[in-house]
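K.L.:
The structure is given below, and queries will be raised subsequently.
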Amino acid sequence: MTDALVRLRSFGGAITRHGRTVGHGSVRVWRHRWAHRIRVAVAVGLVSLCSALIGVMLFAHADINVGPFKAEMSIRPSLVGGTEVSIPPLGSLHLDSHRGTLHLKVALGSLDQSRTEELIDNPTAISSAGDRAVEEVVDGVSKLALRLVALAVLSAMLAAALIFRNVRRVAASGVTALVAALGSLGLAAATIRPDAISEPRYEGLLVNAPAVVGDARRIADNYGRYAEQLQQIVSNVSRLYTTVSSLPVYEPAGNTTRLLHVSDLHLNPASWGLIRTVVQTFDIDAVIDTGDMVDWGTGAETSYVSSIPSVGVPYIYVRGNHDSTAIQAAVAKQKNAVVLDDELYTIDGVTVAGIGDPQFTPDKSETNANGDNAGVELLTEAGQTLATTIRDSGKKVDIALVHDPAMAQPLSGVVPLVLAGHKHSRSVSMLPAPVAPTPDPSASAPASPAPSASTAAEPIMSTRLMIEGSTGGAGLRGLEGEEPTPLSLSVLYFDENHELKAYDDIQLGGTGESNIEMQRNVVGVGPDETPSPSASASPASSPSGR
């Protein structure tokens with residue numbers, strides 16, 4: 001018994017000694033000088049970045065004068081970069097000006113009394129204010145960048161002095177903050193997009209959008225000239241603030257035609273008020289409706305179209321799959337309505353062709369009687385019919401109207417622009433180029449003279465497909481999801497050659513909401529369109545279109 005106790009104590013002592021050995025080894029590893037240096041470096045880096053971040057958020061702002069305004073510039077940390085120009089109470093402009101970790105905000109504050117009086121007494125002073133705006137903004141951004149670097153370094157060094165109380169670590173914190181600040185500024189400078197000012201996204205009151213953003217015709221012609229666009233925005237805002245009685249009259253270029261594209265109203269009574277507001281605010285020449293004005297196509301719904309005359313401009317319409325022939329006839333009776341069903345119409349020199357949806361399927365929960373494949377064939381045939389009508393007319397047609405995008409492919413290379421709806425989701429794409437028929441090598445044919453050089457080199461027209469969202473918020477269907485479907489419509493700007501130069505995408509929060517966004521898109525600047533993935537048409541009974 002005694003021997004057993006002795007052996008047990010010896011075994012326990014060995015375990016204890018072994019454990020102490022392991023413990024001492026772990027402590028030695030933890031106290032190794034390289035591990036210690038890594039811990040210190042991580043701590044210095046975290047303190048430097050966090051303190052620099054706090055310093056920038058609290059103090060990285062500068063007061064500048066831009067035209068008649070006293071403005072405040074500030075920089076905030078961000079994951080996407082960009083610039084915001086706040087124009088209270090009119091709203092704000094958001095520019096995709098750069099990438100990186102810094103977001104620039106310019107808040108226009110109070111007016112300088114002496115400068116404002118100059119603008120009121122001398123309207124020509126507005127132009128000179130715009131001329132100085134570029135220099136003032138560049139000078140303000142430069143000062144703000146220097147302040148950012150200084151704040152980041154000082155904040156990091158002050159925090160390190162309070163925490164570490166070590167001169168070398170304080171210096172290391174300052175260097176770390178300096179590198180981070182210069183790196184962020186360098187990334188912003190390397191990714192800057194001067195032409196982003198031609199495509200601002202406006203958030204605010206709809207009636208102020210045209211005056212704040214500016215005329216699309218001038219922007220389209222000069223989008224690469226940063227200084228002129230900045231001058232234009234400053235001038236526009238100056239006019240807004242210096243007009244005492246009311247907001248200034250929107251003065252569009254005389255050779256610009258404005259068309260308003262709406263679609264899929266689906267019996268929403270709020271749509272008419274929105275359309276009238278946009279028509280009056282943007283000086284619209286005509287409204288284009290690509291169908292689905294109602295839900296079921298019944299006779300009781302014909303009274304909904306009686307609001308068309310209140311729009312006050314020509315109302316060009318093509319039938320959708322929810323619109324019966326009775327609805328089409330009711331639209332045709334309105335004094336300012338133009339119904340296109342394999343026909344052409346010209347407004348201010350812009351020639352429009354359109355055809356109604358060949359199907360009437362108000363209840364999309366039921367399978368089309370002809371079957372999905374047959375439905376797609378009907379849509380494709382309707383598009384081919386319209387393409388044939390356009391070719392046989394001998395006229396240059398600028399816009400083709402269809403309801404279902406599945407009808408658009410036969411129009412590729414026939415017209416430069418196709419407008420559609422049906423999907424309740426806005427998108428812009430380029431249709432695939434038409435495929436020329438391949439001759440049968442086995443077929444014998446009489447020899448023909450070689451084509452001339454001019455014929456062989458004739459370019460194929462590119463066709464842009466613009467699908468509008470639902471101007472009615474998809475009607476009652478828009479309330480089925482977690483969030484209501486937004487009300488969408490677009491203003492299209494055409495130059496004197498009847499070419500699309502720019503378009504404004506306007507979106508109003510869905511039924512029950514009131515927030516408004518407007519995105520300016522200049523054709524040929526930035527990713528305003530993406531190639532269509534396929535030339536094949538989607539089935540008419542696809543759940544994405546209703």
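K.L.:
Given R₀ = 25 Å, what would the calculated FRET efficiency be for Glu377 paired with Ser427, taking r from the Cβ atoms and rounding to 0.05? Intermediate values should be presented prior to the final figure.
P.N.:
Numbers: r = 24 Å, r/R0 = 0.95.
That gives a FRET efficiency of 0.60.
K.L.:
Under the Karplus relation 6.51 cos²θ - 1.76 cosθ + 1.60, θ = phi - 60°, what is the ordered set of whole-Hz ³J(HN,Hα) values for the range 382-393, x standing for Gly and Pro?
P.N.:
5, x, 5, 4, 5, 4, 5, 4, 5, 5, 6, 5
K.L.:
Can you return the lysines within cross-link range of Lys395? Criterion is Cα-Cα under 22 Å, with same-chain partners fewer than 8 residues away left out.
P.N.:
List returned: Lys501.
K.L.:
Moving on. Can you compute the modelled spin-label distance between Ser462 and Ala161, with each label point 7 Å from Cα toward Cβ, in nm?
P.N.:
Once both label points are built, they end up 5.9 nm from each other.
K.L.:
If I model a spin label as a point 7 Å beyond the Cα along the Cα-Cβ vector, how far apart are those points for Asp341 and Asp363 in nm?
P.N.:
In this crude spin-label approximation the distance works out to 2.4 nm.
K.L.:
Show which lysines lie in cross-link reach of Lys70 when reach means a straight Cα distance below 25 angstrom and same-chain residues fewer than eight apart are skipped.
P.N.:
Cα-Cα hits under 25 Å: Lys105, Lys143.
K.L.:
Could you give the length gained by full extension between Leu154 and Ser78, i.e. 0.36 nm per residue of separation minus their alpha carbon distance, to one decimal place?
P.N.:
Details: separation 76, 0.36 × 76 = 27.36 nm, distance 2.11 nm.
Extra length available between Leu154 and Ser78 comes to 25.3 nm.
K.L.:
Another question, then. Please give the length that would be gained between Ala300 and Cys50 if that part of the chain were fully extended, namely 0.36 nm times their separation in residues minus their C-alpha to C-alpha distance (nm, one decimal).
P.N.:
On the way: separation 250, 0.36 × 250 = 90.00 nm, distance 6.52 nm.
Value of the extension gain: 83.5 nm.
K.L.:
Could you rank the peptides 193-203, 51-61 by their average count of other C-beta atoms within 10 Å per residue, with the highest value first?
P.N.:
In decreasing order of mean packing, 193-203, 51-61 become 193-203, 51-61.
Any read-out appearing in this document is the output of simple, stated calculations on the displayed coordinates, not a laboratory observation. Quantities reported herein were computed from a predicted structural model and do not represent experimental measurements. So basically every Cβ, Gly included, is an ideal-geometry build from the backbone, and we count neighbours across all protein chains shown.
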